[in-house]
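The values are calculated or read from the model by the stated rules, or taken from the named source; none is laboratory data. Since this is a predicted model, take the numbers as computed values, not measurements. Please note: Cβ atoms are built from the backbone with ideal geometry, for glycine as well, and neighbour counts cover all protein chains shown. These area figures cover heavy atoms from the full protein model, side chains too; ligands, DNA and RNA do not enter into them. Shrake-Rupley method; radii C 1.70, N 1.55, O 1.52, S 1.80 Å.
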Amino acid sequence: MSVVANVREMRYDCPYCKKKKGCCSLFFWAVRLTPEDYQALVDLGWCRCGRMVYFPLNHKCCCPQHSMRINALQFQPSKAQKRVKRRIERLQAGEWKPAIPFDDDHQEQQQQQEQQQQQQHKQ
């Protein structure tokens, strides 16, 4: 048996154009939700984020949202997706580093390199 609470409307800042309170959805908290009930909601256009189940009210949104569904059992990654997966696996194994560092120390490292280059040019 499914158990839900507090069905209501919610306004929030648009995640796309950043307009204040530009989006609106109906939502409720799913305390317990059977797979059959969840599937019925998804078929009707509802979405889920954790325990929150919501339905975007596109006629009240500045940037309408559209759900996209992929049949996971039939999904075939593209050549580019396979390449990214291999890079991530190599990165995690310590076998590859990206050309552009993604850590917080990147700016500091870049400044140090620039200072070293300036010192070399002065000599």
Tell me, what is the 1.4 Å probe accessible area of Cys24, in Å² to the nearest 10?
0
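Using a 10 angstrom Cβ neighbour count of at most 13 plus a DSSP loop assignment to flag exposed trypsin sites (Lys or Arg not before Pro), which longest range of the chain is free of such sites?
Working: sites that count: Lys18, Lys19, Lys20, Lys21, Arg51, Arg69.
Result for the longest clean stretch: 70-123.
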Ignoring ligands, DNA and RNA, what accessible area per residue does the chain give at 1.4 Å, in Å²?
86
When we measure straight from the Cα of Lys20, which lysines land under 21 angstrom away, once same-chain ones fewer than 8 places off are left out?
Lys60
So what J values fall out for region 11-18 if you push phi through Karplus, 6.51 cos²θ - 1.76 cosθ + 1.60 with θ = phi - 60°, rounded to Hz, Gly and Pro as x?
9, 8, 5, 5, x, 9, 9, 6
What FRET efficiency comes out for His121 versus Trp96 if R0 is 30 angstrom and r is the Cβ-Cβ distance? Round to the nearest 0.05.
0.40
Normalise the Cα radius of gyration of the chain by 2.2 N^0.38 Å (N = residues in it) and let me know the number.
1.71
Give the cross-link partners of Lys79 among the lysines, using a straight C-alpha distance below 27 Å as the criterion and excluding same-chain residues fewer than 8 apart.
Lys97
With each run of n ≥ 4 DSSP H residues scored as -39500 (n - 2.57), what mean residue ellipticity at 222 nm is computed for the chain after dividing by its residue count and rounding to the nearest 500 deg cm²/dmol?
-10500 deg cm²/dmol
Please report, as a whole percent, how much of the solvent-accessible surface of the chain comes from carbon and sulfur atoms (probe radius 1.4 Å).
52
For the chain, take the longest principal axis of its alpha carbons; what is the angle in degrees between that and the long axis of helix 106-122, to the nearest 10 within 0 to 90?
20
Size of region 1-67 along its principal axes in angstrom, Cα-based, largest extent first?
39, 21, 18
